[in-house]
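Below is one structure, written out as C-alpha cells; the observations come after it.
Each reported figure results from applying straightforward, stated rules to the coordinates on display, with no laboratory input. Remember, it's a predicted structure, so these values are computed and weren't measured experimentally. Neighbour counts are summed over all protein chains in view; Cβ atoms, including those assigned to glycine, are modelled from backbone coordinates with ideal geometry.
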Amino acid sequence: MGKMRKKKHILFIAPGFILYTIFIILPIFYVFYLSVFEWSGLGEMKFVGLENFKTLIFNDRVAPTMFNALKNNLKYLLCVWLIITPFQYLIAYLLYIKIPAFKYIKFMIFMPYVISSTIVSFFATLLFSPNIGFLNKFFEWIGHSEWQSAWFGDPNRAFKLMIILIIWQGAGSGIMIFYSNLMDISQDIMESCRIDGCNEWQRFFRILLPLSLPSCASIITMSTIWALAIFDMPFILGGINGGVNGCLDFANMVFYRYTFGSGLNGKSNLGFGASICVLMFVVMLVVTVLQNKFLSKFEYDT
Amino acid sequence: MKRRRSGEILSPTARTARGVLAAILIVYTFTTVFVIGITLLDSLKTKGDLVSNFVGLPKAISFDSYKKILFEGDFINYFKNSIILTVGGTVGCTFLAALTAYGISRYDFKGKSFLTAYFLIGMMVPVQVSVLPLFLILKKIGLLNKLPGMILVYMAGISMACFVFQKFFRTIPVELEESARLDGAGDFTIFFCIIIPVCKPVIATMALITAIQEWNDFYMPMVLLGSKNVKSLTLAIYQYISQFTRYMSESMAAVIITLIPVIILYFLFSSQIVEGLTGGAVKG
C-alpha cells in the first residue's frame, strides 16, 4: 500500500507539469536559443552567434532606441524605489494607525487594481486628451487656458503622468501587502514600546519600519520585475513608437516593434527580437540580485 | 480621549494631522468615482449630446450606444470570446494547480523540493520575456489565433495558485485522508471528495483573482490572438481608444460593459480579492 501511494503523486503532478513545462519553462530556453539565429520565422535558420546582440548594442540606428528604452525602464525603476514604494508604505502606515475613514479608504484605494490597464488608459484619454479631455476643458472654463497642455503629447510631462497613472492603478497591491505585514507585528512589542514611552516617530522608525521591511523584499522584487517588463500603458497612451521623442518607449515595446511590427531594416528577424528578450531577462536578473543583496543588509536577526 | 489599538493617547495636533491626511486620501479616492461616473454618464448620452456636453448630466437617458455595440458590429463576439477565455483559463488553471499542489504537498518522493522550486519560476519570469516562443510554439501546434491555444497558455500559468495551494494543503490534518483511505477511498476520490470541499474558500479566492487577471489581460491576447474573430474585450477597447473621436460613444458603453463584472466582483468579494492578491501570493 505504501508503495502504491508513493507512485500516485505522478498522476497528480503530470498534467500540470507537462503544460507548465511546455508553455512556461520551455519558452525561456527557446528565447535564448533563438537569440543566436537569424530567422524570419519561415525557412532556414541561420546561426549568427552573438551578431544580434552586437546589432542591438552597437548599430547606429538600433542602439540609441534600445538604450533610450532601457533608460526609461531604469527611470521607472527608480520611481518604484524612491516614489512608489515609499508612498505605498506611507499609506499602509496611515491605514495601520486607523486614520478616520480608513476602511473606506482601504476599499477604494485598492479598487483600480482590478481594472484593466486598457481601461485605465481609456480613463487617461478622457482626462488628458488635448482636444476633448476633461482637464483642458476645465482649465478653459475657469479661464486659465494657459494651463492647458498636450499632456501625453508633451515629452516633459508624459512620463510623469504615466507614473501617476501607475500609482493610481497599481499602488493598492503594495499598500495591502505592507499593511498586512504591519498587522503581523506582535502586539507585545507594541505594548512594551508604549510602556517604555516612545513617541510616534520613534515607534515608526525604530520598530515598525525595521520589523516589517524584510518581509517587504519579495514585493519590491516583484515590482522591480514588472517595472522592467512594462508594456500596456505606454503602448496604448504613447502609441507603438513610444510617444513623442520616445519618451514613453520601453524595452518591451522595442521588442514588440522589431518582432511583430516592421522588423529590422524592413525584414522580420525573430532572432533579433529574441535577443532583446534575452537582454531584458539579463537586466532583470542583475537588478534583482543586486537589489536583494542590498535589501538583505536591512535584515534583522529576530 | 479615545484609546487606539496600540494604546497610545493622541495629542490634538496628531489628531488634526490624521484628519487632514484622511481628507486628502478621500479626495484622492474620489478620482475613481469621478472617472467611472463620467464614463457611465457619457455612455447614456446620445452621440450629439456627448460631443457638445462631454462632462455633465445627460439631457435625456439614451441607450443608443449600448444598442449600437450590442447589436451592430463585433462587440458581442468579443464579449463571448472574453467569457470563454476567462472561464476556460480560470477553471483549467485552478484545477491543474490544485492537482499539482496536492501531488507535491501530500506525497513523499524524491525531488520534492526541486519541484516546489521549479513551479515557482513562472512567478519570477514575466510573460513578456517568453511571448515570442509562445507565439512560435502555438503556431507550430496550429493553435495560434485560436481560443483553445490562449486557454492552454492561461492554464499553464499555475505558479502562484500552486504555491498558495501547497501552503494551504499542508495545514490539512493527515488523519482526514488516512481515515478515508481505511474506508477504501482511492487517491482521486480523496482529492475530489475530501480535499476540494475542505479547500473551497482558498480555491474560490485563487479562481477569483485568476479570472480578474485573465479578463483584464491585454498583452497576450494582442500577440497570440491576432485575427478578428478571436479578439477579446480589452483589444476591442484598445481599438476604440485608438480612434477615440470616431468611436466616442461606443467606447463609453464598451468600457462600462467590460468594467461591470470586475466592479461587481470587487464589491462582493473585496476582502478575498485583496487577500488572494497579497496574502498568499508574495508574502513570506
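Taking label positions 7 Å along the Cα-Cβ direction at both A:Phe47 and A:Phe294, the computed distance is 4.0 nm, reported to one decimal. Here A:Trp151, B:Trp215, A:Trp201 are placed in order of increasing Cβ neighbour count within 10 Å, fewest first, which gives A:Trp201, A:Trp151, B:Trp215. Computed over chain B with a Gaussian network model linking Cα atoms closer than 10 Å, the most mobile of B:Gln166, B:Gln239, B:Gln272 is B:Gln239. Nearest 10 degrees, 0 to 90: what angle lies between the long axis of helix B:12-43 and the longest principal axis of chain B (Cα atoms)? It is inclined by approximately 70 degrees. 3J(HN,Hα) couplings calculated from phi for segment A:234-244 with the Karplus curve 6.51 cos²θ - 1.76 cosθ + 1.60 (θ = phi - 60°) are, in sequence order, x, 5, 6, 7, x, x, 5, 8, x, x, 5 Hz; Gly and Pro show x.
With a Förster radius of 35 Å applied to the beta-carbon distance between A:Leu90 and B:Thr245, the computed FRET efficiency rounds to 0.35. The separation of segment A:85-109 from segment B:137-208, counted between C-alpha centres, amounts to 34 Å. Helices in chain A, meaning DSSP H runs of at least 4 residues, each add -39500 (n - 2.57). Divided by all residues, the mean residue ellipticity at 222 nm is -20000 deg cm²/dmol.
Among A:Ile164, A:Ile132, A:Ile83, the largest mean-square fluctuation in a Gaussian network model of chain A (Cα springs under 10 Å) belongs to A:Ile132.
In a reduced charge model with +1 at each Lys and Arg Cβ and -1 at each Asp and Glu Cβ, segment A:1-151 shows a dipole moment near 1220 debye about its Cα centre.
Shown here for segment B:46-93: trypsin sites (Lys or Arg not before Pro) in loop regions (DSSP other than H, G, I, E, B) with at most 14 other Cβ atoms within 10 Å, namely B:Lys59. In plain terms, the residue of A:Arg61, A:Arg194 with the fewest other Cβ atoms within 10 Å comes first and the most crowded comes last, giving A:Arg61, A:Arg194. Label positions at B:Phe30 and B:Lys200, each projected 7 Å from the Cα along the C-beta direction, are separated by 4.3 nm. Compare B:Ile212, B:Ile273, B:Ile26 in a GNM of chain B, Cα atoms joined below 10 Å, and give the one with the largest fluctuation. Of B:Ile212, B:Ile273, B:Ile26, the most mobile in the Gaussian network model is B:Ile26.
Helix B:147-156 and the long axis of chain B differ in direction by around 50°, with both axes built from C-alpha atoms. Check cross-link reach from B:Lys47 to the lysines: straight Cα distance under 24 Å, and skip same-chain residues fewer than eight apart. By straight Cα distance, B:Lys47 reaches A:Lys137, B:Lys59, B:Lys67, B:Lys68.
If you plug the beta carbon distance of A:Asn241 and B:Ala60 into 1/(1 + (r/R0)^6) with R0 = 35 Å, you get a FRET efficiency near 0.25. For chain A, the membrane-span-like helix rule (DSSP H, alpha carbon extent of at least 30 Å along the helix axis, mean Kyte-Doolittle at least -0.5) picks out A:158-184, A:270-296; this says nothing about an actual membrane. For segment B:126-213, a crude dipole built from +1 on the beta carbon of Lys and Arg and -1 on the beta carbon of Asp and Glu, taken about the Cα centre, is about 580 debye to the nearest 20.
Magnitude of the charge dipole for the protein assembly as shown, about its Cα centre and with charges confined to Cβ atoms of Lys, Arg (+1) and Asp, Glu (-1), is about 440 debye.
Sorted ascending by nearby beta carbons within 10 Å, beginning with the fewest, B:Asp187, B:Asp42, A:Asp154 become A:Asp154, B:Asp187, B:Asp42. Each of B:Gln128, B:Ser105, B:Ala161 was scored by the projection of its Cα onto the charge dipole of segment B:64-200, and the greatest displacement toward the positive side belongs to B:Gln128; charges sit on the C-beta of Lys, Arg, Asp and Glu. Rounded to the nearest 10 degrees, the inclination of helix B:75-105 to the longest alpha-carbon principal axis of chain B is 20 degrees. Relative contact order for segment A:66-260: 34 percent, from Cα pairs under 8 Å spaced at least 6 residues apart, divided by residue count. For the pair segment A:219-295 and segment A:131-186, the centres of their Cα atoms are 22 angstrom apart.
Classification of the protein assembly as shown by its C-alpha gyration tensor yields a rounded form. The axis ratio a/c (a ≥ b ≥ c) stays under 1.5.
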